[in-house]
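First up is the structure itself, then whatever we jot down about it.
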Amino acid sequence: MEFSTRTIHAGQPSEPETGALIAPIFQTSTYEQEAPGVNRGYDYSRTNNPTRARLEAVLADLEGVQHAAVFASGLAAENAVLQAYLRPGDEIIIPLDVYGGTYRMLTRVFEPAGASIRQVDLGDHAAFERVLSDRTRLVWIESPTNPRLLVYDIARICATAHARDVLVVVDNTFATPLFQQPFQLGADIVVHSVTKYLAGHSDVIQGAVLARDADVFEPVKFLQNATGAVPSPFDCWLTLRGLRTLELRMERHAANAEAIAHALLTQPLVRRVYYPGLREHPGHDIALRQMTGFGGMVSFELDGSIDEVISFVSSRRFFALGESLGGVKSLLCHPARMTHASIPGPERAKLGLSDSLIRLSPGCEHRKDLVADLLEGLEAVSAARVSTTGGANARPLSFSQRG
Ligand SMILES: Cc1ncc(COP(=O)(O)O)c(C=O)c1O
């Protein structure tokens, strides 16, 4: 079965009792038992629920493994993995560019509890090998990363980590299983913010953990029930509905991202464009090897002042200013003040996260409208400079020029 067929048919037969083409939402907290402890596979909806079980079966199928557990958010999913595997004294290796919430959970929750975080450029393999130690328990890969869309060689990192008995977790949120299959590259665990492309309509907060091996999965599955951060049946149903158009949506997101990246490249007010499909992008060759599409995200640095960046992101017609990404309706954000604000300023600077970086999540609108919206914004920045200074020479200092 091909990918798009699986999003519609895998684990989703018509409902057996009535023939309903789309199974109903099993909006129940508990189940009637025939005798104490005798049930039909369900006893309490924190532990298991038929709508949730359907969603878990589809996600597992799409990532090509047997085991999936969904959670009430991407961070709840990550927390379950970290709680299952990171003990006091253990080390975790993370990339320079990592989702701000992941960084916050590690530094504010797991580090105070005794774990150590080693942040390294996973694109520098020698540096990665140097930080691996006898205490390393997990390697955490995001690829492409949030927000600079850096691409790391998952197969190579897995091979090196496995030689030291270290588990590798891949956050596959940005690529989705359509464009990247981390388990085929050697990953032990995959996590998702289902909130994003998988659900796809900016109406659900949800996460998932997947694993190939039952032994690796079991502690996470245990924590799903034991700590209880489970999504509602309704949210699971919404995600099932969203997943059926995953391929269609991703194709449109990716085509829009490509058109936008190329349009921005030619703009004098754009200092740098981050998009894995560009030949000069860090990891482009790896992306060609390990992905089947470059994804739907584009980031860029505006060559301007903080006020200009704020004015640009706050006044677009089709790109709403908001946290999150991966929905049919376009979003943009200013990572330094929003998604990555939980990383302190000096740390962000060290990591190369410029304060003038803007992250775009093109939706499924027509690319001409999206490109026009962005170019209008850049023109407005230029026009404002001319009207306040009377000439183009008096450009405000860009961030990189400030002391
Ligand atoms: C790459 C990545 N991983 C994990 C998360 C966390 O997911 P959630 O917001 O669903 O908790 C996010 C959220 O933006 C993300 O971008």
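Per residue, the average separation of C-alpha pairs within less than 8 Å and at least 6 apart gives the chain a relative contact order of 16 percent.
Quarter the surface of the alpha carbon convex hull of the chain and you get the mean projected area, 21.3 square nanometres. For the range 70-141, the mean projected area of the C-alpha convex hull, equal to one quarter of the hull surface, is 4.7 nm². In summary, the aspartates and glutamates within cross-link reach of Lys329, defined as a Cα separation below 15 angstrom excluding same-chain residues under 8 places away, comprise Asp203, Glu251, Glu365, Asp369, Asp373.
Would you work out the charge dipole size for the chain about its Cα centre, treating the Cβ of every Lys and Arg as +1 and the Cβ of every Asp and Glu as -1, and quote it to the nearest 20 debye? The calculation lands at about 780 debye.
Reported value for the range 1-155: 172 Å³ per residue, from the convex hull of its C-alpha atoms. Considering the range 178-225 at the alpha-carbon level, its Rg and Dmax are found to be 12.3, 34 Å. Assuming 1.002 mPa s and 20 °C, estimate D for the range 106-216 with Stokes-Einstein, Rh taken as the Kirkwood radius over Cα pairs, in µm²/s. Stokes-Einstein gives a translational diffusion coefficient of 144 µm²/s. Counting only residues at least eight positions apart within a chain, or on another chain, the lysines with an alpha carbon under 30 Å from that of Lys350 are Lys196. Divide the volume of the convex hull around the Cα atoms of the range 159-317 by the residue count and you get 170 Å³ per residue. Note that the range 254-349, at 10 °C in a medium of 1.306 mPa s, gets a Stokes-Einstein diffusion coefficient of 108 µm²/s from its Kirkwood radius over C-alpha pairs.
Annotation: extensible slack from Glu280 through Arg40 equals 80.8 nm (criterion: 0.36 nm per residue apart, minus Cα-Cα distance). Simple spin-label estimate for Arg241 and Ala113 gives 3.5 nm between the two label positions (7 Å along the Cα-to-Cβ direction from each Cα). Set the Cα radius of gyration of the range 1-60 against 2.2 N^0.38 Å, with N its number of residues, and you get 1.29. Ordering His253, Gly283, Leu243 by the projection of their Cα atoms onto the charge dipole of the range 182-310, which places +1 on the Cβ of Lys and Arg and -1 on the Cβ of Asp and Glu, puts Leu243 at the extreme positive end. Relative to the 2.2 N^0.38 Å rule of thumb, the range 151-232 has a C-alpha radius of gyration ratio of 1.18.
Rounded to the nearest 20 debye, the dipole size of the range 75-173 about its Cα centre is 180 debye, using +1 on the Cβ of Lys and Arg and -1 on the Cβ of Asp and Glu.
Sorting 277-284, 185-192, 70-77 by their mean Cβ neighbour count within 10 Å, with the most densely packed peptide first, gives 185-192, 70-77, 277-284.
FYI, it's all coordinate maths here, none of it is from the lab. Remember, it's a predicted structure, so these values are computed and weren't measured experimentally. Here Cβ is always computed from backbone atoms with ideal geometry, including for glycine, and neighbour counts include all displayed protein chains.
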